[in-house]
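Beneath this line is the structure, given in structure tokens, with notes to follow.
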Amino acid sequence: MTSTHSTAITPGSEDAAGATVPGTAAHASPSSASKRRHSRRRFLLGGAAVLGVSAAGGSAWALDRFIIDHVEVTDASAYEAANSIVTDAAQATASAEQITLTDTSYTSPTTSIQIGTTATGSGSDTLTYYTADITVSDATAVRSAFASNRFGLNITAKPSDIASANNAIFAINGDYYGFRETGILIRNGTVYRDSPAREGIAFYTDGHVEIYDETATNAQALASAGVWNTLSFGPALVRDGRVVSGIESVEVDTNVGNHSIQGLQPRTALGCIDTNHYMLVVIDGRSKGHSRGATMTELARIMADLGCQSAYNLDGGGSSAMYFNGSIINRPSNGGERATSDILYIAQGA
């Protein structure tokens, strides 16, 4: 499929800072009864001040758009059970006796996770990144989870909290879907959003991955073709094993604070080496002597060197986080975890 670089990036990126399917022609949107607003304020990118809105009316709009929860689905697990196109997804059924767990690996009869840490350079030029080499026998073992098990705008939680709530052995931050209203969003075989806008990545139930132009298709067509998960962020980093040209000049079409995605940044990326064989990478940054961060092109080269035939950029900056066996193993640039909308994970026992 053709691609586009009209990429909407979430604020974390380079910082800052009833059974119906929403947004599809084939199903009605969630009823108003399932939609709630929560007036709990949270500091996102330093709070409303970062939005640069000083007028009272503008501030009210900004709080409503970027801070206040807008819940569309109150129980995502139940919603997916009722609406997923996949009825035989992988289950976490391995017993403790069947699992081998070390500080850097997890092996079950159906899943292998190998964690690596790489540091290059020295002093202020040190670059540190973390890799998760994952092989599964069933692609549906790689799942998505939302903060607080709810779908909507501005609903966030720390990646470790989302991971723990879902009994994850491994997780990374996702695409921060809850910052924006556009993109195609299919999670765990369930259509949540159908508003094509940019270049996305699709994980299929047969284990292959495609980077695609959202504006050339729709969510229902993808779901019908066997898409298990989509992420909507970008840009694409690697195609056919080669670094995508021009990514050093890609900028964003939606970005609070008008921050560039270029330069040295903490990064998160995912890639596909072969069918059911994935590589997930988190790069630390903004930490003198530990890791300077990477450019978009450096990230792409790392993914290609790791053997990825395709690779895709996810939310980065302070959002970049990798979780394994109960804790965050990288060093988030904020000095601690930043709350985000979603994670990709593998459950203990998968």
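The values are calculated or read from the model by the stated rules, or taken from the named source; none is laboratory data. Please read these numbers as outputs of a predicted model, since none were measured by experiment. Neighbour counts run over all protein chains shown; Cβ positions are idealised from the backbone, glycine included.
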Which residue out of ALA321, ALA347 is out of contact with any Ser or Thr (no Cβ under 6 Å at 6 or more places or on another chain), buried (at least 24 other Cβ atoms within 10 Å of the Cβ) and under 21 Å from ALA147 (Cβ atoms)?
ALA321
For region 214-231, check the following and say yes or no: at least one residue is in a loop (DSSP other than H, G, I, E, B) and charged (D, E, K, R).
no
Would you check if there is a residue in region 294-303 being acidic (Asp, Glu) and closer than 19 Å to GLY200 by Cα?
no
On the basis of being in a strand (DSSP E or B), more than 18 Å from the chain's Cα centre (by Cα) and under 29 Å from TYR177 (Cα atoms), does THR87 make the cut?
no
Quick one: in region 257-277, of everything that is surrounded by fewer than 22 Cβ atoms within 10 Å (Cβ to Cβ) and not polar (S, T, N, Q), which residue is modelled with the lowest pLDDT?
GLY257
Can you tell me which residue among SER160, SER112, SER108, SER137 is among the small types (Gly, Ala, Ser) and in contact with an Asp or Glu (Cβ under 7 Å, 6 or more places away or on another chain)?
SER160
Answer from ILE186, ILE211 - the residue that is touching a strand residue (DSSP E or B) at 6+ places or on another chain (Cβ under 9 Å), surrounded by 24 or more Cβ atoms within 10 Å (Cβ to Cβ), of a type in the set (Val, Ile, Thr) and farther than 24 Å from PHE324 by Cα
ILE186
